[in-house]
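Novice: Take this structure, written in C-alpha cells, and hold onto it; I'll ask about it next.
What follows draws every value from the coordinates through simple rules; no lab data is involved. In this text, all values refer to a predicted model and were calculated from it rather than measured experimentally. Reconstructed Cβ throughout: ideal geometry from the backbone, glycine too, with neighbour counts over all protein chains shown.
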Amino acid sequence: MENTNLKERILEISGVNPRKCMKCGKCSGTCPNYDEMEYHPHQFVSMVEKGDIEPLMKAESLWTCLSCFACVERCPRSVEPAKLIEAVRLAVIRQQGANHLKPQDIPDKLDEDLPQQAIVSAFRKYTK
Amino acid sequence: MVYSYYPGCTLKTKAKDLDRYARASAAALGIELQELPDWQCCGGVYPMAKDEIATKLSSVRALLSAKEQGNDLVTMCSACHNVLKQVNHDMATDENIVTKVANYMKLDEPYRGETKVIHFLELLRDGVGFDELKKHVVKPLKGVKIAPYYGCLLLRPGKVMAFDDPENPAIMENFIKALGAEPVVYAMRNECCGGYATLEKKAIAEKKATAVMDNAAANGAQMMITACPLCLYNLTKNAQGGVPVKYFTEVLAEALGVKEEA
C-alpha cells in the first residue's frame, strides 16, 4: 500500500534517492547481519521507493542493522541503504511511547566490562 | 607538535588503558596532546538523519573548541573518530545543517568544518612517520604475530573518513611493522564485530565477533589489536577463541618502553 506522506518524510530524513538503485543486490550480499533480517537492505530501498513503508516500520530488521556502513561503502550507485534504514527507525522511535530501549532495561544488560560506548550507541539507535 | 585531544567518555571509564598508553606514547614521541576543556560525549554513533541538529551539537562544540585553539583535533576511539569526522564533513558540505547549527548555538560566525580531525594512528603515520616511529622503538616486539582489527568505524564511509583504502587498508599493518612485530593479514579485519547489538541480541555479537576472531586465529594471530572499546569488548567477551585483544596504544607504549610508567 502506497503512503506518499510517509515516503516523502523518509526521503527527507535520509537524503537518499532510491531511484538511483540498479538492483544489483550488493548491499544485501555484503550485509554482515543478513541472516538476522526479515527485510534486507535492498528491500528497504525498493519498498521505500514504492511507498510500501508500514511493513518496514514493524520489522525486526530496524533493530538488527549494525550501522557498519558496509552497504553504504559497497553500493556501486551510492544509494546508501543504511540511511534509509535509519530514517525508518527514526520514523518509528520519534512517535510517542515507541522507544525500543528503555533506561529500566539497562541494569539487566550490564556486566562489569561493558563500555559506556555500547550504552550511548544503543540509546542513539533505539530511543528518542 | 601540539594537538587538541578528544578522549571521549569510554576512555575515562572502561577504556582507560586506551587513553593512558596513548598519552605516555605521545609524550615519548614529543607530541603534546592537550585535552579539550569541557568536551561532551559524541553519542557513540553518527546521527545520519539530515533533519537532526541536536544530536550533532556535542561534536560541533568539540570541533569549534579545537578551531578556537588553532589546533588539529586528535581522536583515539574509533567511534568518536567516526562521529566527529562525519559531523565535520556535514559542517563542511551541508549548508542547511551549517545554518541551523549556527542559529541554534547563536554563533557570530558559522562553523564550516575548518578543524582537521585526525585519528592518533593517522598522526603516527602522517605527523610522526612510521620510519621515525621505528627509531623510537626500544623494545621491538620481535616475532609476535599481531592481527590488526580495523572494524567498521575507522574506515567507512571511505569517502568521508579518508583514513585508508576502506577495502584493503595498510596503516595498522605498517604500524605493527614499525613496532618490530609481524602483521597478520586476514579477510575479516574490516568486517563488523556486532557493535551495539550486544545489548539488543547478544547472539548477534557472539556470532560476528567469533567469525572475526576465528579468521584472525586461522591466519596465525597470537594477538589482536584495536582502537575501539566496543570491538575490544565484543572480541573478549562475546567471541569464542581466546586470542588476546589489546588496544593499539598498549603495544605502542610497550615497544616505546613507556608501558610501566603509563
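Novice: Please say if region B:139-255 is rounded, prolate or oblate, where rounded means a/c under 1.5 for a ≥ b ≥ c the square roots of the C-alpha gyration tensor eigenvalues, and otherwise the choice is prolate for a/b larger than b/c and oblate otherwise?
Specialist: oblate
Novice: Once the cut-off is 21 Å, how many percent of the Cα-Cα pairs in region B:25-160 end up in the long-distance tail?
Specialist: 47
Novice: Summing -39500 (n - 2.57) over the DSSP H runs of n ≥ 4 in chain B and dividing by its residue number, what mean residue ellipticity at 222 nm do you reach, to the nearest 500 deg cm²/dmol?
Specialist: Numbers: 11 runs with 105 residues, N = 262.
Here the helix-only value at 222 nm equals -11500 deg cm²/dmol.
Novice: Tell me which residues come under 5 Å, amide H to amide H, from B:Y5 once H is placed; ignore anything under 5 positions away on its chain.
Specialist: B:Q34, B:E35, B:L36, B:V74
Novice: Okay, moving on. Taking the Cβ-Cβ separation of B:K135 and B:K177 as r and a Förster radius of 22 Å, what is the calculated FRET efficiency to the nearest 0.05?
Specialist: Efficiency, rounded to the nearest 0.05: 0.95.
Novice: Place +1 on the Cβ of every Lys and Arg and -1 on the Cβ of every Asp and Glu in chain B, take the dipole about the Cα centre, and give the residue among B:G151, B:A92, B:V128 whose Cα lies farthest towards its positive end.
Specialist: B:G151
Novice: At q = 0.18 Å⁻¹, what log₁₀ I(q)/I(0) does region A:70-110 have when each alpha carbon counts as one equal point scatterer in the Debye sum?
Specialist: Treating every Cα as an identical point scatterer, log10 I(q)/I(0) equals -0.67.
Novice: Separate question: Residues with amide H under 5 Å of B:I225's amide H, sequence separation 5 or more or different chain, H placed in the peptide plane at 1.01 Å from N; which?
Specialist: B:A147, B:Y149, B:K246
Novice: Suppose each label sits 7 Å from its Cα in the direction of the beta carbon; what would the A:Q104-A:E54 distance come out to in nanometres?
Specialist: Going from the A:Q104 label point to the A:E54 one covers 3.1 nm.
Novice: Using the Cα centre of the protein assembly as shown as the reference point, and only Cβ charges (+1 on K/R, -1 on D/E), how large is the resulting charge dipole? Debye, rounded to the nearest 20.
Specialist: The dipole of the protein assembly as shown has a size of about 340 debye.
Novice: For region A:4-95, what class follows from the C-alpha gyration tensor (a ≥ b ≥ c being the square roots of its eigenvalues): rounded when a/c is under 1.5, otherwise prolate if a/b is larger than b/c, else oblate?
Specialist: On the way: a/c = 1.65, a/b = 1.20, b/c = 1.38.
Since a/c reaches 1.5 but b/c is at least a/b, the shape of region A:4-95 is classed as oblate.
Novice: Considering the alpha-carbon set of chain B alone, what are its Rg and its Dmax in angstrom?
Specialist: Cα only, chain B: 18.2, 56 Å (Rg, Dmax).
Novice: Ok, one more. Rounded if a/c is under 1.5, else prolate if a/b is larger than b/c, else oblate: which is region A:39-81, with a ≥ b ≥ c the root eigenvalues of its Cα gyration tensor?
Specialist: Note, shape of region A:39-81 comes out oblate.
Novice: Also, quick follow-up: Suppose every Lys and Arg Cβ carries +1 and every Asp and Glu Cβ carries -1, with no other charges. What dipole size does chain B come out with about its Cα centre, to the nearest 20 debye? All intermediate terms of the calculation are to be shown ahead of the outcome.
Specialist: On the way: 31 positive and 32 negative charges, 141 e Å.
Using only the charged Cβ atoms, the result is roughly 680 debye.
Novice: Can you give me the convex hull volume of the Cα atoms of the protein assembly as shown, divided per residue and expressed in Å³? Before the final figure, lay out the partial values.
Specialist: Working: hull volume 52.4 nm³, N = 390.
So the per-residue Cα hull volume is 134 Å³.
Novice: Please compute the net charge surrounding B:L33, taking Lys and Arg as +1 and Asp and Glu as -1 over other residues with Cβ under 13 Å from its Cβ.
Specialist: Its environment carries a net charge of -2.
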